[in-house]
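Enquirer: Questions regarding the structure given below will be posed in turn.
The values are calculated or read from the model by the stated rules, or taken from the named source; none is laboratory data. What you see is a predicted model, and the numbers here were worked out from it, not measured in a lab. Please note: Cβ atoms are built from the backbone with ideal geometry, for glycine as well, and neighbour counts cover all protein chains shown. Heads up: the accessible areas ignore ligands, DNA and RNA and are worked out on the full protein's heavy atoms, side chains in. Shrake-Rupley method; radii C 1.70, N 1.55, O 1.52, S 1.80 Å.
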Amino acid sequence: MDNFSFYSPTKFVFGKDTENKCGELVKEFGGSKVLIHYGGGSVVRSGLLDRVKKSLSEAGVPFCELGGVTPNPRSGKVYEGIDLCRKENVDFILAVGGGSSIDSAKAIAMGLCYDGDFWDFYTGKARPKKAVPVGTVLTIAAAGSEGSGDSVITHENGNIKRGAGGDCLRPKFSVLNPGLTQTLPAYQTACGATDIMAHVFERYFTNTTDVQTTDRLCEAVLLSMIEETPKVIKDPNDYQARANIMWAGMVAHNNIVGVGREQDWNSHGIEHELSGLYDCAHGAGLAVIMPAWMTYVVDHNVMRFAQVACRVWNCKMDFSDPKKTALEGIAAFRSFLKSIGMPTNFAELGAKESDIPYLVKTFGLGETGKTGGFVKLTSKDVENIYRLAL
Ligand code: NZQ
Ligand code: ZN
């Protein structure tokens with residue numbers, strides 16, 4: 001196991017009706033003027049926004065609001081949010097929605113403490129060190145942004161999707177009411193489940209040895225997702241299954257299952273080019289890319305793939321041919337994704353073979369660059385993975 005420091009300061013308030021506590025929570029963390037930031041209207045239709053406003057009013061906390069965050073949130077909304085917050089003297093941002101609203105809130109929060117262009121944090125020109133405090137009321141179990149120090153934004157100029165990360169971006173509090181996710185369409189639920197599993201796999205596939213504790217934590221989250229996801233696809237109102245998935249989504253990405261080990265993250269990078277260009281759901285893109293990536297890199301450590309095949313996918317170890325077992329595990333993952341309604345190839349995602357050169361170019365490795373923690377990929381490898389996903 002490698003040395004690590006782990007900082008996860010978020011207060012999680014979990015369960016039924018917990019959104020009614022967000023006024024008190026904002027006060028607890030020092031907010032005196034709030035921006036409520038939300039998406040395309042699901043929180044309006046469900047009545048959640050009204051309950052959040054009531055809670056803030058009852059706590060005596062004034063607020064302004066900015067809705068309209070799109071999935072794969074765009075830079076334009078971030079600039080709008082920064083301007084509004086400066087005008088309104090906002091000192092706390094409350095995201096109400098999914099990863100997109102939360103990530104947009106985090107981008108605004110960083111931008112408010114920075115004199116330059118907030119996009120500098122996403123190009124690597126600046127590192128996030130300071131941000132206005134952010135709280136969240138989560139409505140979809142997926143991105144894990146409610147506990148992570150990350151934010152992913154797409155710049156309208158070229159549809160380039162990039163991430164920024166820093167502990168200052170970790171939310172002060174996150175309200176997790178599983179009941180709020182019951183209005184999700186099955187497709188969005190499945191996209192979220194795929195993303196959660198992908199966050200675990202990005203950490204599971206590592207070159208670091210002697211990481212049994214985090215291996216077993218990863219396996220537990222994957223097994224829970226395999227058990228609970230079909231329940232909510234069948235019955236969207238299954239509160240207990242929703243609750244398990246919601247907590248899995250947080251655990252999968254606040255890094256508790258990933259400390260002390262090298263992580264990969266190539267599937268995420270390769271996927272982000274797809275959701276940036278085609279505006280598809282991030283989880284759907286991962287459903288297409290991650291099994292292709294696994295197939296491409298399996299020879300790097302056949303036994304690690306065989307291990308997850310046996311421990312998570314219930315495959316029988318073939319000691320005379322471990323690669324057979326490894327490939328069975330990848331096939332089991334693929335058929336699980338298909339069973340919950342995820343796309344399995346470029347065509348089902350709405351992606352085009354003719355765009356592959358553009359995707360590889362915007363991925364940005366150039367002629368000689370390499371990226372990734374488990375297997376270092378070149379531009380040619382990235383291209384091969386896109387082709388495997390056709
Ligand atoms: O916009 P509204 O109307 O709210 O509708 C949303 C949106 O259309 C809808 N939705 C959310 N909760 C709902 C609901 N519909 C009905 N009932 C509910 N309770 O679902 C759609 C997707 O919402 P979105 O916020 O985009 O989903 P998600 O949480 O999957 O976030 C995806 C974004 O997060 C990024 C992704 O790349 C993508 O841009 N990620 C962020 C990460 C992070 N910050 O740590 C890590 C991830 O790997 C990921 O990259
Ligand atoms: Zn993800």
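Enquirer: Per-residue counts of other Cβ atoms within 10 Å, averaged by peptide: what ranking do you get for 37-46, 99-108, highest first? The partial results should precede the final answer.
Expert: Working: 37-46: 19.3, 99-108: 30.5.
Packing proxy ranking, top to bottom: 99-108, 37-46.
Enquirer: Within the range 106-123, what residues put their amide N at less than 17 Å from the label point 7 Å along the Cα-to-Cβ vector of Phe29?
Expert: Within reach of a label on Phe29, which here means backbone N under 17 Å from a point 7 Å along Cα→Cβ, the range 106-123 contributes 106-113.
Enquirer: With a sphere of radius 10 Å drawn around the Cβ of Cys315, what net charge do the other residues whose Cβ falls strictly inside it have (Lys, Arg +1; Asp, Glu -1)? If you can, show how the numbers build up before the last one.
Expert: On the way: positive: Arg311, Lys316, Lys324; negative: Asp318, Glu328.
With Lys, Arg at +1 and Asp, Glu at -1, the neighbours total +1.
Enquirer: Something else about it: As an exercise, identify the trypsin sites (Lys or Arg not before Pro) in the range 276-381 lying in DSSP coil whose Cβ has no more than 14 other Cβ atoms within 10 Å. Walk me through the numbers before you get to the answer.
Expert: Working: sites: Arg304, Arg311, Lys316, Lys323, Lys324, Arg334, Lys338, Lys352, Lys361, Lys370, Lys376, Lys380; in loops: Lys316, Lys352, Lys370, Lys376.
Here the sparse-neighbourhood loop sites are Lys316, Lys352, Lys370, Lys376.
Enquirer: If only Cα atoms are counted, what is the Rg of the chain, and what is its Dmax, in Å?
Expert: 20.4, 68
Enquirer: Which residues in the range 111-128 have a backbone N closer than 18 Å to a point placed 7 Å from the Cα of Asp167 along the Cα-to-Cβ line?
Expert: Answer for this model: 127-128.
Enquirer: Show the residues, 5+ positions off or on another chain, whose built amide H is closer than 5 Å to the amide H of Arg74.
Expert: Under 5 Å from the amide H of Arg74 lie the amide H atoms of Thr154, each far enough along the sequence or on another chain.
Enquirer: Sticking with this one: Considering amide H positions built from the backbone, and no H for Pro or chain starts, which residues 5 or more places from Leu176, or on another chain, come under 5 Å of its amide H?
Expert: The list, which skips near neighbours in sequence, is Val13, Phe14, Gly15.
Enquirer: 5 Å is the cut-off here: which amide hydrogens, built 1.01 Å from N in the peptide plane, fall below it relative to Leu94, excluding neighbours closer than 5 in sequence?
Expert: Leu35, Ile36, His37, Gly135
Enquirer: Between the range 1-73 and the range 112-127, how many Å separate their Cα centres?
Expert: For the range 1-73 versus the range 112-127, the Cα centre distance is 24 Å.
Enquirer: How large is ³J(HN,Hα) for each residue in the range 137-146, as worked out from phi by the Karplus curve 6.51 cos²θ - 1.76 cosθ + 1.60 (θ = phi - 60°), to whole Hz, x for Gly and Pro?
Expert: 10, 8, 10, 8, 8, 6, 5, x, 5, 5
Enquirer: Hey, another quick one. Per residue, how much accessible area does the chain have with a 1.4 Å probe, in Å²? Don't jump to the answer; show the numbers that get you there.
Expert: Working: 15640 Å² over 390 residues.
Here the per-residue accessible area is 40 Å².
Enquirer: For Val44 paired with Ile256, estimate the spin-label separation in nm (one decimal), with each label point 7 Å from Cα along the Cα-to-Cβ line.
Expert: 3.6
Enquirer: Separate question: In whole percent, and with a 1.4 Å probe on the protein chains, what portion of the accessible area of the chain is carbon and sulfur? Don't jump to the answer; show the numbers that get you there.
Expert: Working: 7960 of 15640 Å².
C and S atoms contribute 51 percent here.
Enquirer: Also, quick follow-up: Using alpha-carbon pairs under 8 Å, 6+ residues apart, how would you state the relative contact order of the chain in percent? Intermediate values should be presented prior to the final figure.
Expert: Details: 778 pairs, mean separation 60.2, N = 390.
So the answer I get is 15 percent.
Enquirer: Principal axis lengths of the range 145-218 from Cα atoms, whole Å, largest first?
Expert: Principal-axis extents of the Cα atoms in the range 145-218, largest first: 41, 35, 28 Å.
Enquirer: Continuing with the same structure: Lysine pairs, Cα distance under 23 Å, 8 or more residues apart or cross-chain: how many in the range 317-390?
Expert: 10
Enquirer: Where in the chain are the DSSP H helices whose C-alpha atoms run 30 Å or more along the long axis and whose mean Kyte hydropathy is at least 0.0? Provide the component values of the computation, followed by the final result.
Expert: Details: long enough: 212-234 (34 Å, 0.03).
For the chain, where a helix must reach 30 Å along its axis and average at least 0.0, the hits are 212-234.
Enquirer: Then there's this: Using label points projected 7 Å from each Cα along Cα→Cβ, tell me how many nm separate Thr70 and Asn207, to one decimal.
Expert: The two pseudo-label positions are separated by 3.9 nm.
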